[in-house]
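The values are calculated or read from the model by the stated rules, or taken from the named source; none is laboratory data. Not measured: the values here are computed from a predicted model. Virtual Cβ from ideal backbone geometry, glycine too; neighbours counted across all protein chains shown. With ligands, DNA and RNA removed, areas are computed over all heavy atoms of the protein, side chains included. Shrake-Rupley method; radii C 1.70, N 1.55, O 1.52, S 1.80 Å.
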Amino acid sequence: MSLKRTGETRQLSRSKKDLVSAGCVVTRSRGGTTEILLVHPRGATFRKPLFGIPKGHVEPGEQPAEAAVRETKEETGLNVRIVGDLGTIRQKSGKLVYGFWAVVHPDSESAIDERGRCTSADRVEVDVCRFYPLDQAELLMIPAQREFLTRLRKHLGTRVPKAQL
C-alpha cells in the first residue's frame, strides 16, 4: 500500500480490531497432572511464545461456542465437549476471543498419541498440536491467552472432568 492510501490503511486496521474468534482450552488429566492442548501456527517463529488455544473466526449467524468446537475440530482433528465458559480476552491485535473450557470426546481419544500429540491435526494450519502440563503451557502461550488459564485454574480446583455425553 502506498502512503497516499492512509485512510484505506486505517480502515483496514480498524476492521482487524473488530474481528471475533472463539476457541477451546482443552484439558485432560494424565498421572494426576492437568494438561492443556496447544497449537502452534505453521510457519510462525519458535523464538517467542506463540502457542495458543485452537481457535478461529466466528462465522455470521454462528454462536461463539459452536465456532469454538468447530475450529478445534478443524485445527486438531479432535471432537471436544464444552464444560465451561472462560469469558473473553482481547489480544494485542485487538481481536476479541471467546474462550471455552472443553474436554476431548471419547471417540477422539485414539487420535492422541502416547506423547500427547494430535495425530489428525491440520498440518496446513498448525505445525504443533500437543498437550502440555498446565504450568508449561502457560509459559508457551501468547500472553493475552494466559488469562484463560488463570480463569481455568479457578474452575479446576483439583479435578478435570471426564468427557461424558
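Cβ-Cβ distances below 7 Å connect the following pairs, each with a first residue in the stretch 68-90 that is at pLDDT 95 or above, a second residue that is open to solvent by less than 20 Å² (accessible area, probe 1.4 Å) and of a type in the set (S, T, N, Q), and a separation of six or more residues or different chains: Leu78/Thr72; Leu78/Ser108; Asn79/Ser108; Val80/Thr72; Ile89/Gln145.
How about the stretch 48-67: which of its residues are farther than 19 Å from Gly94 by Cβ, modelled with pLDDT of 95 or more and either open to solvent by less than 80 Å² (accessible area, probe 1.4 Å) or among the hydrophobic types (A, V, I, L, M, F, W, C) (or both)? Scanning the stretch 48-67 gives Pro54, Glu62, Ala65. No other residue among Ala67, Ala102, Ala44 is over 23 Å from Gln136 (Cβ atoms) and among the aliphatic types (A, V, I, L, M) apart from Ala67. Filtering Gly99, Gly87 for residues that are assigned to a strand (DSSP E or B), buried (at least 17 other Cβ atoms within 10 Å of the Cβ) and out of contact with any His (no Cβ under 7 Å at 6 or more places or on another chain) leaves a single hit, Gly99.
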